[in-house]
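Input: a single structure, listed below in structure tokens.
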Amino acid sequence: MLEPLSRRRFLAVSGGGAAGLMLSFSLPLESLAREVEVAQSDEPNELNAWVRVSEDGSVSFSVSEIEMGQGVFTAIPMILAEELEVDWESIQVEQASVDPRFGRQLTGGSQSIRHGFDSFRKAGAAAREMLIAAAAGQWGVEAKECRAERGVVHHSPSGREASYGQLAARAATLPPPQDPPLKDRSDYRIIGQRIPRLDTPSKVEGKAVYGLDVRVEGMRVAQVERPPTLGASVESFDAAQALKVTGVEQVVEIPSGVAVVARSTWPAKKGRDRLKVEWTPGQVEVSDDSILASCRESLDGGIEVRNEGDAEAALRDCATSLEATYTFPYLAHATMEPMNCTAHVTEDRCEVWAPTQSLSSTQAAAARTSGMPLERVVVHPTFLGGGFGRRSATDFVEDAVSLSKAVGQPVQVVYSREDDMRAGFYRPVGYNELAGGLDADGQPVAWRHRMASPSILREKGWPMRQGVDFAAVEGARNLPYAIPNLSVSWSDVDLPISTHFWRSVGSSHNAWVTECFFDELCAAGGRDPLEARLKLLDEHPRHQRVLRVAGEKAGWGGSLPEGHARGVAVHEAFGSFVAQVAEVSIGPGGRPSVERVVCAIDCGDVVNPDTVEAQMEGGIAFGLSAALHGAVHFDQGRVVSGNFDGYPLLRMAEMPRVETYIATAGDPLGGVGEPGTPPIAPAVCNALLALTGKPVRSLPIGSVA
């Protein structure tokens, strides 16, 4: 069951008039080291989530994380139910709306479970101990003589028992323990099991509400004509022909362009097609070639982010040296559900219905655009038809709020595929120059990596460290291989193209660059790529673990059909370690055909294995789509790519067989939503290197014939 938690309902379940137990706790959103503070519900400062036990024994969990396919609305209740000692069937989950008491509400960075795991355990355990204490007090016995099991507290010596529902009201009056005992992992009966997802039935039955499903009384639909070139703006417009379309009611200029407001989507589109707009010229000099030229020219001004030994001297003295240039293009998120938002601005209130990854940013953007104070902005989150970082932006929210404010009615803004593809939210372009050196035994002894790419953090106005965007260099700065002479530098490239966080951020491209160049060095030194990695990872046992599992399960070194080859890659991202082995052949027209992918992940404690496997499969599909096809192109200031004809996605026939193996050994918890994406592109390209002898140094891969 997924429904917004209204302010009225919050007051009802947390105030003094409700019977039952309400437990509040804060999640460590900014730091993994921050301890959760378990407090009674009359102390709602910095609240992030609540546990409620009702008189009927049911347990409700309200969570601020957004469900966008990654499984948090099942995994989080699993953690809670485990420590609370209740049957899984008694758990309900509710989507919390935005509220400052939750702190910053942002779902991204593979952080929901890994940042909240211990906090959720502690909150569930505290509630359990309060219920035990309530029973002990009621019976006049020692709490240590009581135990909780499946929603019932038992007093073993006397055989007495009481359900959680019977104890909830009394338990709510007790102070929560700050350090409740946690279950031993060997006693888990829910965590680690394959639990069916709670959001699946509503989606299968067509009852789940996505942004495009929102309907508000009196709602109008709008489409926005946006500037055709980078930096252009509205000079003038003629709405006469657009207003002749039946169903079109208004044409309004807003900050992002000129909007056609109609009674439904089709007349809005037809009216927009007939709209005549004159634009200022914009920056027509920007093109694919000029973008790469700017990146290349920026390399000399790079900031050193890692320096060990003397890479330059080692390169001069090594027995064998190799140089290579790697480039990758801008990428779009291409979410399947078109970007959309519904807003209703009245004199004293602003309501927003949005498929958003960031409730806090959505509320702030709506308040800023409407002129309302935050407390008068209500955000109703919906399911997301794909996020990948794109829905943490707020452009679609600002459009809807601007239009509702202008026309005085509820307005749903719907982006066309071209609107979104050209909206300016891209994974950054990048240019990399690498040099490596080998000793007489073919062992890598020198590594120099110079990279240039636009900074997402700088563009967002977020803090940089010594001028470095550490999101841009993740996966390159922390190269795990024991190479004695190593230098890594990064240059910020200031281009008039907006960038945004894309699934796995810097790791998505740096894993490809570093893992592919490492295989080039292996080829030059006559070394087996898997064995060479293992030899240089003695100080990184988790890397070694997943490499060994992936290699063994893939049959590394074993025979393959003629025309097939295997490639391997390993990468650490978001606290998890993933190795992938790709089996590749070459199909018609020289196009790579990925036959099989074997994936091994070490993500520490596993809440739901089924979710982990699903996220690895989804991450592989996402990354493979980008590796084979993804590129946003520019010509004379225009974004040439518009729809899936010019920005192809992976087709079902191209999807390989994927096998996922979870290889954990009690290490710290990692994320699973993003780490599956980075290794797939280098694993495929390394297989192609083994198959053809030619490295792939530019993405997308295209034909290798």
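The values are calculated or read from the model by the stated rules, or taken from the named source; none is laboratory data. Since this is a predicted model, take the numbers as computed values, not measurements. We place every Cβ from the backbone using ideal geometry, glycine too, and count neighbours over all the protein chains shown.
Look through the range 556-567, keep the residues that are assigned to a loop (DSSP other than H, G, I, E, B) and touching a strand residue (DSSP E or B) at 6+ places or on another chain (Cβ under 8 Å), and return whichever of them is surrounded by the fewest Cβ atoms within 10 Å (Cβ to Cβ). In this case the residue turns out to be P561.
Assess whether V216 counts as being β-branched (V, I, T) and assigned to a strand (DSSP E or B). So V216 fails the test.
Looking only at the range 141-153, filter to residues that are buried (at least 18 other Cβ atoms within 10 Å of the Cβ) and not small (G, A, S); which one of those is nearest to G57 (Cα to Cα)? By that ranking, first place goes to V152. Under 8 Å between Cβ atoms, which residue pairs at least 6 apart in sequence (or on different chains) link something in the range 600-622 that is closer than 16 Å to L669 by Cβ and modelled with pLDDT of 95 or more with a partner that is part of a helix (DSSP H, G or I) and of a type in the set (S, T, Y)? Between residues of the range 600-622 that are closer than 16 Å to L669 by Cβ and modelled with pLDDT of 95 or more and residues that are part of a helix (DSSP H, G or I) and of a type in the set (S, T, Y), the close pairs are N608/T74; T611/T74. Applying a threshold of 8 Å to beta carbon distances and a minimum spacing of six or more residues, or different chains, the list of pairs starting in the range 522-535 at a residue that is over 17 Å from A446 (Cβ atoms) and ending at one that is aromatic (F, W, Y) and at pLDDT 95 or above reads P529/F518; L530/W556; R533/Y481; R533/F518. The set of residues in the range 470-501 being out of contact with any Gly (no Cβ under 6 Å at 6 or more places or on another chain) and in a strand (DSSP E or B) consists of L486, S487, V488, D492, T499.
Within the range 458-477, residues that are at positive phi sit with their Cβ atoms under 7 Å from residues that are in a loop (DSSP other than H, G, I, E, B), at 6+ positions apart or across chains, in these pairs: G475/G506; G475/P678.
Taken together, the criteria exclude G137 from residues that are outside any loop (DSSP other than H, G, I, E, B), out of contact with any Cys (no Cβ under 8 Å at 6 or more places or on another chain), of a type outside the set (A, V, I, L, M, F, W, C) and under 23 Å from P77 (Cβ atoms).
Among residues of the range 493-505 being of a type outside the set (A, V, I, L, M, F, W, C) and crowded, with 22+ Cβ neighbours inside 10 Å, the one that is nearest to R638 (Cα to Cα) is T499. Beta carbons closer than 7 Å, at least 6 apart along the sequence or on distinct chains, pair a first residue in the range 259-278 that is closer than 19 Å to V214 by Cα with a second that is in a loop (DSSP other than H, G, I, E, B) for A262/G247; R263/G247; S264/G247; P267/V245; P267/T246; P267/G247.
Kindly evaluate V549 against the criterion of being touching a Lys or Arg at 6+ places or on another chain (Cβ under 7 Å) and outside any loop (DSSP other than H, G, I, E, B). For V549, the condition - touching a Lys or Arg at 6+ places or on another chain (Cβ under 7 Å) and outside any loop (DSSP other than H, G, I, E, B) - is not met. Is it the case that G124 is of a type outside the set (D, E) and at pLDDT 95 or above? Criteria not met by G124.
Listed by first and then second residue, the pairs linking a residue in the range 174-199 that is in contact (Cβ under 8 Å) with a residue 12 or more places away in the chain to a residue that is small (G, A, S) and surrounded by 11 or more Cβ atoms within 10 Å (Cβ to Cβ), with Cβ atoms under 6 Å apart and 6 or more places separating them unless they lie on different chains, are L174/A133; P176/A126; P177/A126; P180/A125; P180/A126; L182/A125; I190/A81; R197/G71.
Can you confirm whether P181 is surrounded by 14 or more Cβ atoms within 10 Å (Cβ to Cβ), under 24 Å from R121 (Cβ atoms), under 40 Å from the mean Cα position of the chain (by Cα) and not polar (S, T, N, Q)? The answer is no for P181. Among the candidates E304, E312, the residue that is out of contact with any Lys or Arg (no Cβ under 6 Å at 6 or more places or on another chain), part of a strand (DSSP E or B) and not hydroxyl-bearing (S, T, Y) is uniquely E304.
Taking S294 as meeting all but one of (1) surrounded by 15 or more Cβ atoms within 10 Å (Cβ to Cβ); (2) in the same structural domain as F396 (by TED's automatic domain parsing); (3) not in a strand (DSSP E or B), write down the number of the exception. Going through (1) surrounded by 15 or more Cβ atoms within 10 Å (Cβ to Cβ); (2) in the same structural domain as F396 (by TED's automatic domain parsing); (3) not in a strand (DSSP E or B) one by one, S294 breaks only (2).
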